[in-house]
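Undergrad: Pasting in a structure now, in structure tokens, and then I'll have a few things to ask.
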Amino acid sequence: MPGRMACLVLAALNFGWDVPAASGAERPRTVLLVLPRDPGSDHGAALVYRVIEDVLRQSQGYDYQSIDSAGAAADHTPEQVRALVATARQAYDELELKTAIRHLEQALKLAEDNPVSAVDGAEYRWAMTLLGASYHLLGESARGHKMFLRLLSIEPAARLDPTLFPPALTRAFDDAVAAARRLATGTLDIQPSPPGTEVWVDLAFRGVGPMQLALPEGRHLIRLQRRGFQPFGMQRDVLAGAEEVIRQTLSPLPGSPAVSSRAAALLTASDDEVPPPARELLERASARRLFWFQVAVSGSRLSLSGRLYAPEIRRPVPFPEQVFDMSQEQWQRQLEAVFSSFSADLGGRTLAGIDTPTPGPGSSDAARPPPQERKTSRKPWYATWWFWAASGGVAAGAIGLVLGLTLTQGGGSPRSGDVVFRF
């Protein structure tokens, strides 16, 4: 049996068979749907969608894709910005400051010329940080101060890490922090349609519209987005003491009504099978995982339940109902922790046997099949693995002995430079 087990393990490693403890499995393509149970739950559903999507995007177990990506134009701006910033960082580390500045300026211009693009906000702010530092190190203090001030106008809590930047730069940044506190503010009253539209300012999620925001004077990037609709982006100059109203209606994406109707059909679906609408949604997105949730909001009470659908299982994996108090500051962190725990083991692992019912406390043992006795193999002694292993060892020893005698006796005295085998 040990020899047979070794062969099976080797075969699994070589041919990728599905073994229970397999690691490094391919990340399954995954999509997400979050539905409000009623119109009053739109706001809560949008917040839940944002939290769960962030978890899936950052997860190492899933290849997350928006279910609307099939109907939307490809957005290559984020990866272009990321590549420019990476090249600039390498040049900065090598003190090729002019090269770093050129790439960072290109990255910022690309992001700001495409406000509708979902560029990573952290990447955007890091580009500003490096650009301000590069200006200062090149002796262009005024431009460096202006860039730091611009960064602080969109991220007032930004600070330089003293372990990455020299004291002269941290002092220059502190001067910009003091100047940023004196910046005047203006107000944007953002009223998007449909309800539940996400509001992003300077590539950071700020909430769900309608909403009013007090922003430091200067130019800001505004992006409005909602699943099933074409996102909208713009640049806006905020003036000190002024208030501006932004009303914008988003246009539906091609195919989104079909997605919405199939998603709504799952509201009344049974937990006993993976229904046709779920399989159609998985096929449409070429996905292996579909997380589907419904949200109901009553006052500050948010109720969340859902299912995980996959093509290889007969029944969905249920997400038990969870209740959150939206008046609590940390409720979204709690949701993040709950979903992370639920999804952690459902990514790269096989789900083929997960829908096998587990007998409950009241189940009868009479329905269980009787345990089978373990069959033992009664092979003759000459057919066992240990006999052939021992025989091989004896044969190898005999060959070595014969070879040694031949070299030492049959060939006479060894000549200088000969290799002599002795046993």
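The values are calculated or read from the model by the stated rules, or taken from the named source; none is laboratory data. Remember, predicted model here, so these are calculated numbers, not experimental data. Glycine gets a Cβ as well: all are built from the backbone with ideal geometry, and neighbour counts include every protein chain shown.
Undergrad: Can I313 be described as part of a strand (DSSP E or B), surrounded by fewer than 19 Cβ atoms within 10 Å (Cβ to Cβ) and β-branched (V, I, T)?
TA: no
Undergrad: Considering only segment 162-182, I want to know if a residue exists there that is in a strand (DSSP E or B), modelled with pLDDT of 95 or more, of a type outside the set (K, R) and surrounded by 14 or more Cβ atoms within 10 Å (Cβ to Cβ).
TA: Within segment 162-182 (the criterion being in a strand (DSSP E or B), modelled with pLDDT of 95 or more, of a type outside the set (K, R) and surrounded by 14 or more Cβ atoms within 10 Å (Cβ to Cβ)), the answer is no, since none of the residues qualifies.
Undergrad: Going by the conditions given, is V34 more than 30 Å from R262 (Cα to Cα), at pLDDT 95 or above and in contact with an Asp or Glu (Cβ under 9 Å, 6 or more places away or on another chain)?
TA: no
Listed here are the residues, each with its yes/no results for (1) polar (S, T, N, Q); (2) closer than 20 Å to S260 by Cα; (3) modelled with pLDDT under 90.
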residue: Q191; (1), (2), (3): yes, no, no
residue: V199; (1), (2), (3): no, no, no
residue: A204; (1), (2), (3): no, no, no
residue: L213; (1), (2), (3): no, no, no
residue: I222; (1), (2), (3): no, no, no
residue: Q225; (1), (2), (3): yes, yes, no
residue: Q230; (1), (2), (3): yes, yes, no
residue: G233; (1), (2), (3): no, no, no
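Undergrad: What's the number of the condition R159 fails, among (1) outside any helix (DSSP H, G or I); (2) of a type in the set (K, R); (3) crowded, with 16+ Cβ neighbours inside 10 Å?
TA: (3)
Undergrad: Then there is this: Taking V81 as the residue in question, decide whether it is in contact (Cβ under 8 Å) with a residue 60 or more places away in the chain, among the β-branched types (V, I, T) and farther than 30 Å from G299 by Cα.
TA: When the stated conditions are applied, V81 does not pass them.
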